[in-house]
Amino acid sequence: YTAPRRAFVADGSAYDWSIHQGYFDTFEPIVDFLHAVCYVFSSAAAVPPDEASGWSQYVAWMRACWQGRVGDVLAERDQWQARLGESPPGEAPTAEERRDPRRVVAPARTYLIHEP
(Lines give C-alpha, C1' and ligand atoms only; values in the text may rest on other atoms or scores of the structure.)
Protein backbone atom coordinates (compact mmCIF):
# COMPACT_ATOMS: atom_id res chain seq x y z
CA TYR A 1 0.00 0.00 0.00
CA THR A 2 2.94 2.35 0.40
CA ALA A 3 4.29 1.96 -3.13
CA PRO A 4 3.99 5.11 -5.24
CA ARG A 5 2.50 3.08 -8.12
CA ARG A 6 0.16 0.16 -7.50
CA ALA A 7 -1.60 -2.18 -9.92
CA PHE A 8 -4.37 -4.75 -9.64
CA VAL A 9 -4.25 -7.38 -12.40
CA ALA A 10 -7.24 -9.66 -12.97
CA ASP A 11 -9.14 -11.47 -15.68
CA GLY A 12 -12.62 -10.49 -16.86
CA SER A 13 -14.46 -11.97 -13.91
CA ALA A 14 -16.93 -9.60 -12.25
CA TYR A 15 -15.92 -11.18 -8.93
CA ASP A 16 -12.30 -10.12 -9.39
CA TRP A 17 -13.30 -6.56 -10.16
CA SER A 18 -15.55 -6.46 -7.10
CA ILE A 19 -12.43 -7.29 -5.04
CA HIS A 20 -10.65 -4.44 -6.78
CA GLN A 21 -13.45 -2.03 -5.93
CA GLY A 22 -13.78 -3.29 -2.37
CA TYR A 23 -10.15 -3.49 -1.30
CA PHE A 24 -7.86 -2.02 -3.93
CA ASP A 25 -9.81 0.85 -5.47
CA THR A 26 -6.77 3.14 -5.49
CA PHE A 27 -4.75 0.59 -7.49
CA GLU A 28 -4.57 0.92 -11.27
CA PRO A 29 -6.86 -1.78 -12.75
CA ILE A 30 -5.18 -3.88 -15.45
CA VAL A 31 -6.92 -6.65 -17.33
CA ASP A 32 -5.01 -9.90 -17.85
CA PHE A 33 -4.05 -9.39 -21.48
CA LEU A 34 -3.53 -13.11 -22.18
CA HIS A 35 -7.20 -13.80 -21.46
CA ALA A 36 -8.20 -10.93 -23.74
CA VAL A 37 -6.03 -12.37 -26.54
CA CYS A 38 -7.66 -15.80 -26.19
CA TYR A 39 -11.26 -14.56 -26.18
CA VAL A 40 -10.73 -12.11 -29.01
CA PHE A 41 -8.87 -14.68 -31.11
CA SER A 42 -11.55 -17.35 -30.62
CA SER A 43 -14.29 -14.91 -31.57
CA ALA A 44 -12.45 -13.53 -34.58
CA ALA A 45 -11.67 -17.03 -35.86
CA ALA A 46 -15.30 -18.12 -35.50
CA VAL A 47 -17.05 -15.36 -37.43
CA PRO A 48 -15.58 -14.95 -40.93
CA PRO A 49 -15.85 -17.48 -43.73
CA ASP A 50 -12.15 -18.37 -43.97
CA GLU A 51 -8.96 -18.49 -41.92
CA ALA A 52 -7.30 -15.47 -43.58
CA SER A 53 -10.33 -13.29 -42.87
CA GLY A 54 -10.39 -14.57 -39.29
CA TRP A 55 -6.77 -13.58 -38.80
CA SER A 56 -7.43 -10.11 -40.22
CA GLN A 57 -10.42 -9.71 -37.91
CA TYR A 58 -8.31 -10.80 -34.92
CA VAL A 59 -5.52 -8.34 -35.73
CA ALA A 60 -8.01 -5.49 -36.10
CA TRP A 61 -9.81 -6.34 -32.85
CA MET A 62 -6.62 -6.83 -30.81
CA ARG A 63 -5.19 -3.58 -32.15
CA ALA A 64 -8.39 -1.84 -31.07
CA CYS A 65 -8.21 -3.45 -27.61
CA TRP A 66 -4.56 -2.47 -27.24
CA GLN A 67 -5.49 1.11 -28.17
CA GLY A 68 -8.24 1.18 -25.56
CA ARG A 69 -11.10 0.95 -28.07
CA VAL A 70 -12.76 -2.08 -26.50
CA GLY A 71 -16.15 -0.45 -27.11
CA ASP A 72 -15.52 -0.62 -30.86
CA VAL A 73 -14.67 -4.32 -30.60
CA LEU A 74 -17.80 -4.99 -28.55
CA ALA A 75 -19.96 -3.17 -31.11
CA GLU A 76 -18.56 -5.25 -33.99
CA ARG A 77 -18.79 -8.44 -31.94
CA ASP A 78 -22.44 -7.62 -31.20
CA GLN A 79 -23.11 -7.20 -34.92
CA TRP A 80 -21.61 -10.63 -35.56
CA GLN A 81 -23.65 -12.15 -32.74
CA ALA A 82 -26.82 -10.63 -34.21
CA ARG A 83 -26.03 -12.16 -37.62
CA LEU A 84 -25.20 -15.56 -36.12
CA GLY A 85 -28.02 -15.59 -33.57
CA GLU A 86 -27.87 -15.87 -29.81
CA SER A 87 -25.91 -18.64 -28.16
CA PRO A 88 -28.06 -21.63 -27.19
CA PRO A 89 -28.72 -21.78 -23.44
CA GLY A 90 -26.82 -24.12 -21.17
CA GLU A 91 -23.55 -25.90 -21.66
CA ALA A 92 -22.75 -27.62 -24.94
CA PRO A 93 -22.58 -31.39 -24.38
CA THR A 94 -20.46 -32.23 -27.44
CA ALA A 95 -17.25 -30.88 -28.97
CA GLU A 96 -19.12 -30.02 -32.15
CA GLU A 97 -21.66 -27.95 -30.22
CA ARG A 98 -18.84 -26.20 -28.33
CA ARG A 99 -17.45 -25.08 -31.72
CA ASP A 100 -20.79 -23.52 -32.71
CA PRO A 101 -19.84 -19.92 -33.65
CA ARG A 102 -22.78 -18.60 -31.62
CA ARG A 103 -21.26 -20.20 -28.51
CA VAL A 104 -17.68 -19.18 -29.33
CA VAL A 105 -18.48 -15.51 -29.88
CA ALA A 106 -20.72 -15.04 -26.80
CA PRO A 107 -18.07 -15.33 -24.01
CA ALA A 108 -15.93 -12.54 -25.48
CA ARG A 109 -18.66 -10.05 -24.61
CA THR A 110 -18.81 -11.21 -21.02
CA TYR A 111 -15.03 -11.05 -20.69
CA LEU A 112 -14.52 -7.69 -22.38
CA ILE A 113 -17.49 -6.02 -20.69
CA HIS A 114 -16.11 -6.84 -17.22
CA GLU A 115 -12.83 -5.18 -18.04
CA PRO A 116 -12.15 -2.38 -15.55
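The values are calculated or read from the model by the stated rules, or taken from the named source; none is laboratory data. For clarity, every value in this text was computed on a predicted model and none was experimentally measured. Here the Cβ positions follow ideal geometry from the backbone for every residue, glycine too, while neighbour counts run over all protein chains shown. Surface areas here come from the heavy atoms of the whole protein model, side chains and all, with no ligands, DNA or RNA. Shrake-Rupley method; radii C 1.70, N 1.55, O 1.52, S 1.80 Å.
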How many percent of the accessible area of the chain is carbon or sulfur, using a 1.4 Å probe? 56
Relative contact order for the chain using alpha-carbon pairs under 8 Å, separation at least 6, rounded to a whole percent? 31
Förster radius 22 Å - calculated FRET efficiency between R69 and Q21, Cβ distance, rounded to 0.05: 0.40
Accessible area of R98 in the full protein assembly, 1.4 Å probe (Å², nearest 10): 130
Heavy-atom accessible area order for C38, C65, largest first, 1.4 Å probe: C38, C65
Ranked highest first by average number of other Cβ atoms within 10 Å, how do 54-63, 104-113, 88-97, 17-26 line up? 104-113, 54-63, 17-26, 88-97
Eigenvalues of the alpha-carbon gyration tensor of the range 53-116, times 5 and square-rooted, give semi-axes in Å, largest first, of 22, 13, 11
Net charge (Lys, Arg +1; Asp, Glu -1) of residues whose beta-carbon lies under 10 Å from that of F27, F27 excluded, is 0
FRET efficiency for S13 and E96, using Cβ-Cβ distance with R0 set to 22 Å, rounded to 0.05: 0.20
Using a probe radius of 1.4 Å on heavy atoms only, what accessible surface per residue do you get for the chain? Whole Å² is fine. 65
Could you work out how much longer the chain between R5 and E28 gets when fully extended? Use 0.36 nm per residue separation minus the Cα distance between them, nm to one decimal. 7.5 nm
